[in-house]
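Heads up: the structure comes next, in structure tokens.
Just so it is clear, none of the values below were taken in a lab; they were calculated from the coordinates. Source: prediction; values computed, not measured. We place every Cβ from the backbone using ideal geometry, glycine too, and count neighbours over all the protein chains shown.
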Amino acid sequence: MQAFPISMDVPPTHKGALPAACDVVVIGGGVIGVMTAWFLTKAGKRVVLCEKGRIAGEQSGRNWGWIRQQARDADELPIMVESMAIWHGLVAELGDGLGFRQGGVVYMANKPADMAEFEAFMPHARAHGLDTRIMTRAEVGALLGACIWQGGMITPSDARAEPMVAVPLIASALAAKGCVIVEDCAVRGLDMANGRVAGVVTEQGEVACDAVVMAGGAWSSLFLRAQGIDIPQLSVLASVAATEPMPEIFAGNAADNHFAFRRRVDGGYTIAPGSEHDFFIGPDAFRHLPKYIPTLRNDFRSTHFRAAAPNGYPDAWRTPRLWDMSKPSPFEATRVLNPAPNMKTLSDVQDAFAAAYPHLGRPKLRCVWAGMIDTMPDIVPVLDAAPPTSGLSGLFIATGMSGHGFGIGPGVGRVMADMVLGRALGHDLTRFRLSRFTDGSKIKPAPAL
Ligand SMILES: Cc1cc2nc3c(=O)[nH]c(=O)nc-3n(C[C@H](O)[C@H](O)[C@H](O)COP(=O)(O)OP(=O)(O)OC[C@H]3O[C@@H](n4cnc5c(N)ncnc54)[C@H](O)[C@@H]3O)c2cc1C
């Protein structure tokens, strides 16, 4: 079995010397941080991107690679439509190395209620001119070569890319545009002056700046809480496998309630459970439980609750919540969060695949891995500036992408860059405001599709 390719065993690609000052520091070298830095750099800002481990070492290299407009939250959809256009631009600029393919996304219905959920998305698809359509049982059977589903929904213009290579490739192009990217560079905290951000304190020294963008994925809430901002972010473990090369059954991305698969450029499939994940109970789980009750009602049966996160996870019992910025922080202690996958779940996925495609048999696995998905109670992100009352003017937050940040990453990067630049955002971000968890608003979970 191959090891997951992005790890601390691989030497850093970006070892740039940390400058004493810049305009904006971006924390986190996932798709959100890289794409925010991309648009800020294009706007002429001097940007430093600090990554504690490796570019795309966490969620952004470990995801399924789906670039999906289908079944999006209504308020995310306009950003996602823009994101798709940006992906096309990235392909034009960077070429085939991204592994971008427009093969469509298909959702298959296991039961009639699934079809009703698909129907509920159709008005949103029409409002944005998407090519989404409902499929009959026969159409799904003909497209996917298996007649076990009651029907489905397809968006042919949806796409995929190869996460393990796409974000590192974009980061290298970003560095060539002048952004200083530094791997092995954890940001320990913020330097403040007169109630606003004046710089960051990193393990390699301090950098003075006018603005900081926090895009730390599953680590964001730990970092932010130490600065006095509490966000109800938790993480769930999602297990994934890449198969050996197999005959092509469908060239796009497909999922039902039990398993998901998408064609890879290497001729195999990335396969994963349709909705199952593992959840480690840590102190933040207790603190935030009341806010997660609406989501848990939908998600309870697909969640495997596990006693406690191993040391080195953001919400482990022993993870320090406060630290001395002159000493190593929890971010250095876990440079690349590399959780063990749930092999029982992956075995079930192999079985589900083999049941749908008996002529192909149980897929042989080439590589298995897991990622910690950073999630929010309403399954949509926080895209906002720190509130004026926080005394943290100049801090911007883009996190909690809740398991669907890869596809929308370029669009979020554009929005966040314009937020930092004080320009018009082009979309209504009310749903993504930080204050929704404290202003008495009802938690409104995104559709669980
Ligand atoms: C198994 C799995 C499947 C998924 N499938 C899909 C999919 O098909 N389509 C889709 O759209 N999305 C998918 N997602 C979700 C998607 O991968 C994430 O939403 C997205 O990658 C989040 O990007 P990010 O930049 O916010 O976080 P990350 O990619 O996690 O990056 C955050 C980075 O910040 C760094 N960092 C944190 N704290 C610090 C610090 N203090 N100093 C320096 N660096 C720091 C971390 O090391 C990390 O590299 C999936 C996720 C997983 C795990």
Practice prompt. Pop a pseudo-label 7 angstrom from the Cα along the beta-carbon direction at both LYS42 and ASP324 and give the gap in nm to one decimal.
Written response: 4.5
Fill in: At R0 = 35 Å, FRET efficiency that the Cβ-Cβ distance of THR438 and HIS304 yields, to 0.05
0.70
Worksheet item: Relative to the first principal axis of the alpha-carbon coordinates of the chain, what is the inclination of helix 163-176, with its axis defined by its Cα atoms, in degrees from 0 to 90 and to the nearest 10?
Response: 40
Worksheet item: For segment 207-269 and segment 1-50, what is the separation of their Cα centres, given in Å?
Response: 17
Worksheet item: Once the other residues with Cβ under 14 Å from the Cβ of TRP87 are scored (Lys, Arg +1; Asp, Glu -1), what is the net sum?
Response: -1
Worksheet item: If the cut-off is a Cα-Cα distance under 21 Å, which lysines reach LYS52, setting aside same-chain residues fewer than 8 apart in sequence?
Response: LYS15, LYS327
Worksheet entry | Contour excess over end-to-end distance, with Cα ends at GLN102 and ASP131 and 0.36 nm allotted per residue | 9.2 nm
Worksheet, complete the sentence: Rounded to the nearest Å, the spacing of the alpha-carbon centers of segment 313-374 and segment 88-144 is 27
Worksheet item: Straight-line reach from LYS444: which lysines have Cα under 27 Å away, leaving out those fewer than 8 places along the same chain?
Response: LYS111, LYS291
Item to complete: Convert each backbone phi in segment 17-30 into a coupling constant with the Karplus relation 6.51 cos²θ - 1.76 cosθ + 1.60 (shift: θ = phi - 60°), then list the ³J(HN,Hα) values in order as whole Hz, x for Gly and Pro.
Response: 5, 6, x, 6, 8, 7, 7, 9, 9, 9, 9, x, x, x
Worksheet item: Tally Lys and Arg at +1 and Asp and Glu at -1 over the other residues with C-beta under 13 Å from the C-beta of ARG366: what net charge comes out?
Response: 0
Item to complete: Using amide H atoms built 1.01 Å from N in the peptide plane, name the residues 5+ places from GLU206, or on other chains, whose amide H lies under 5 Å from its own.
Response: none
Discussion item. Rounding to the nearest 10 and keeping the result within 0 to 90°, find how far the Cα-based axis of helix 112-127 lies from the longest principal axis of the chain.
Written reply: 60
Response to the item:
For TYR313, other-chain or 5+-apart residues with amide H closer than 5 Å (H placed, Pro excluded) are none
Worksheet item: What are the ³J(HN,Hα) values, in whole Hz, obtained from phi via the Karplus relation 6.51 cos²θ - 1.76 cosθ + 1.60 with θ = phi - 60°, for each residue of segment 89-99 in sequence order, with x given for Gly and Pro?
Response: x, 5, 5, 4, 7, 10, x, 6, x, 6, x
Item to complete: Using a cut-off of 12 Å between beta-carbons, work out the net charge of the residues near ILE281 (Lys and Arg +1, Asp and Glu -1, ILE281 not included).
Response: -1
Worksheet item: Can you list the residues, at least 5 places off or on another chain, whose amide H is less than 5 Å from the amide H of SER393, using H built in the peptide plane?
Response: VAL197
Worksheet entry | Cut-off 15 Å (backbone N to label point 7 Å along Cα→Cβ of VAL10), residues of segment 357-379 | 367-370
Worksheet entry | Nearest 10 degrees, 0 to 90: helix 343-356 Cα axis against the chain principal axis | 30
